[in-house]
Amino acid sequence: MHNTTEIFDIVVIGAGPAGAVSSALLNKKGYRVLVIEKQHFPRFSIGESMLPQCMTYLEQAGMLDAVEKAQFQYKNGAAFCRGNEYEHFDFREKFSPGWGTTFQVQRDSFDKILADESAKQGVTFRYGHTLTDCVMNDTLRELTVQTEQHDTYKVQARFVLDASGFGRVLPKLLNLEKPSTLGSRKSVFTHVKDNMDAPDFDRNKILITVHPKISEVWFWLIPFSNGRSSVGVVAPPAVLESMQGSPIECLQQLITEGGKLATFLKNAEFDTQCRTLGSYSCDVTSLYGDGYALLGNAGEFLDPIFSSGVTIALTSASLASEVVDKQLSGLQPDWNAEYAQKLKVGVNTFKEFVEGWYDERFQNVVFSKQKSENITRMISSILAGYAWDTENPYVRNPSRLTTLAQLCQND
């Protein structure tokens, strides 16, 4: 395709939210940025429930107007259901300053909006192109890229950001992968025409439902603005493997056992292919290295329970863009202190709450009637994505969740 080696300041692998936002932020700083994306947009992606913290980064990247014009489903909180128990958190009533509302989005159109906005701002995007090799050459990274026609070409970059999500391009090429400490789980999910006529269902909130008999099994129900919803179940692989039937039959069977959820979805039309995702939790030995850094899921993915994926992705994009700018400006930033450790503050907060969900500590907190208003606001902040606000005692010391759960258990 190209006989000569092209030179860019930064190459971003992946055009999802982390790739689009980081490329736009670096373009604003005057860098020449290339985004390489294996797929063509729009394309399906899971992870449709945003957190309010994301809005700050969309604003930074100059994309918020375009997102607001798309008229996605407004979201102001999260609701939790277990049997006859029902609790909700209103993100507008939180401990941390900042946005208290956001959107629930179909990721095919949402991701395309972000990528298109970045391209309008001057970033070069190439779809249907795959990074096949990445080597250090003096002070430059030399990348080999393959097109869908199997032509290859070379690109040199001063820095590479991996925003490839579950593709985890650099972790695989550079042997950075390591097992997650989180338990193995599997997800089955689809989009439905929900035909919801339940007056007690709040479309402005994601609904998380705990299976009445198996506390490790939970469901999400994410309503969209067009009468459709994303619905899925997360379970230990053994639970799903013990069931008969196709993935969609297993999902439908589990929904019938889901208490209130079954009532909400009683008229739903399952008109879309069902998808599965297994062993999705992952980790890496390092989030950065010589001339590269990993963003979002390419570095570490926890679990879908708190919809933290896009928030971690956009936070990493914002943090990394600042540190890349310092490095390419001739300064010598401390990548560990200024990127990895900063990012880990929020990741570790979410991780404690994910672990607390599955060992039931956090479920005890959610469904407790004895939470003080102050505690509720602190928890609401974390659920709204403000997992980096160290003014919040549960961010400063996430293990405080254990003490809180014990207090709630004794109510």
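Values quoted throughout were computed directly from the atomic coordinates according to the rules given, and no laboratory measurement underlies them. Since this is a predicted model, take the numbers as computed values, not measurements. For neighbour counting, all protein chains shown are included, and Cβ atoms are generated from backbone atoms with ideal geometry for every residue, glycine included.
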Ranked list, fewest to most other Cβ atoms within 10 Å of each Cβ, for His150, His40: His150, His40
Residues of type aspartates and glutamates that Lys94 reaches as a straight line, Cα spacing below 17 Å, ignoring anything fewer than 8 places off in the same chain: Glu373, Asp389, Glu391
Prolate/oblate/rounded call for the stretch 218-295, Cα gyration tensor, a/c under 1.5 rounded: prolate
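Given the DSSP H assignment, sum -39500 (n - 2.57) over each helix run of at least 4 residues in the chain and divide by its residue total; what's the result at 222 nm in deg cm²/dmol, nearest 500?
On the way: 14 runs with 134 residues, N = 411.
The helix contribution divided over the chain gives -9500 deg cm²/dmol.
Mean Kyte-Doolittle of at least -0.5 and a Cα length of 24 Å or more along the axis: which whole DSSP H helices of the chain meet both?
Working: long enough: 309-328 (28 Å, 0.76); 341-358 (25 Å, -0.41).
Span-like helices, by this rule, are 309-328, 341-358.
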Residue with peak Gaussian network fluctuation, the chain [Cα springs, cutoff 10 Å], from Arg107, Arg377, Arg43: Arg43
Scaled radius of gyration (Cα, divided by 2.2 N^0.38 Å) that the chain gives: 0.98
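Going by how many other Cβ atoms sit within 10 Å of their own, how do Ile7, Ile113 line up, fewest first? Mind dumping the intermediate values first?
Details: Ile7 13, Ile113 21.
Arranged by neighbour count, lowest to highest, Ile7, Ile113 become Ile7, Ile113.
Determine the relative contact order of the stretch 186-278: mean sequence separation of Cα pairs under 8 Å and six or more apart, normalised by residue count, in whole percent.
Details: 166 pairs, mean separation 41.6, N = 93.
Once divided by the residue count of the stretch 186-278, the mean separation gives 45 percent.
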Distance between modelled label sites at Arg400 and Glu360, nm, 7 Å Cα→Cβ extension: 2.5 nm
Candidate aspartates and glutamates - alpha carbon under 12 Å from Lys326, same-chain residues fewer than 8 apart omitted: Asp334, Glu338
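As an exercise, use a Förster radius of 35 Å and the Cβ-Cβ distance of Lys193 and Glu93 to find the FRET efficiency, rounded to the nearest 0.05. List each step's numbers first, then the result.
On the way: r = 32 Å, r/R0 = 0.93.
Once rounded, the FRET efficiency stands at 0.60.
Counting alpha carbon pairs within less than 8 Å and at least 6 residues apart, what relative contact order, in whole percent, applies to the stretch 118-231? Could you put the intermediate results ahead of the total?
Values: 125 pairs, mean separation 16.7, N = 114.
Computed value for the stretch 118-231: 15 percent relative contact order.
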Alpha-carbon centroids, the stretch 201-237 and the stretch 281-339: separation in whole Å: 29 Å
Computed label-point distance, nm, for sites Asp108 and Lys120 using a 7 Å Cα→Cβ extension: 2.2 nm
Amide H within-cut-off set for Ile206, under 5 Å, with H built and near neighbours excluded: Gly77, Ala79
Length-normalised contact order of the chain in % [C-alpha pairs under 8 Å, at least 6 apart]: 21 percent
The chain: most fluctuating residue of Val11, Val310, Val192 per GNM, C-alpha cutoff 10 Å: Val192
Gain in span if fully extended, Gln409 to Gln149, counting 0.36 nm per residue against the direct Cα distance: 87.6 nm
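Please find the FRET efficiency linking Asp202 to Thr4, where r is the Cβ-Cβ separation and R0 is fixed at 41 Å, and quote it to the nearest 0.05.
On the way: r = 57 Å, r/R0 = 1.39.
Calculated transfer efficiency: 0.10.
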Per-residue Cβ neighbour rank within 10 angstrom, fewest leading, Cys282, Cys54: Cys282, Cys54
Which listed pairs, of Lys38/Lys351; Lys28/Lys178; Lys38/Lys120; Lys75/Lys178, have C-alpha distances above 25 Å, in listed order: Lys38/Lys351; Lys28/Lys178; Lys75/Lys178
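Mind pulling the per residue volume of the convex hull built on the Cα atoms of the stretch 310-350? Å³ is fine.
On the way: hull volume 1.7 nm³, N = 41.
For the stretch 310-350, the hull spanned by Cα atoms encloses 41 Å³ per residue.
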Residue among Leu331, Leu140, Leu26 with the largest mean-square fluctuation in a Gaussian network model of the chain, springs linking Cα atoms under 10 Å: Leu331
Potential lengthening between Thr272 and Leu328 on full extension [0.36 nm per residue; Cα-Cα distance subtracted]: 15.6 nm
Where labels lie 7 Å past Cα in the beta-carbon direction, separation of Ala262 and Met136 in nm: 5.8 nm
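Number of Lys-Lys pairs in the stretch 186-278 under 21 Å by Cα, sequence gap 8 or more or different chains? Please report the intermediate quantities before stating the final value.
On the way: Lys186/Lys213; Lys193/Lys205; Lys193/Lys260; Lys193/Lys266; Lys205/Lys260; Lys205/Lys266; Lys213/Lys260; Lys213/Lys266.
Step by step, the pairs that qualify in the stretch 186-278 add up to 8.
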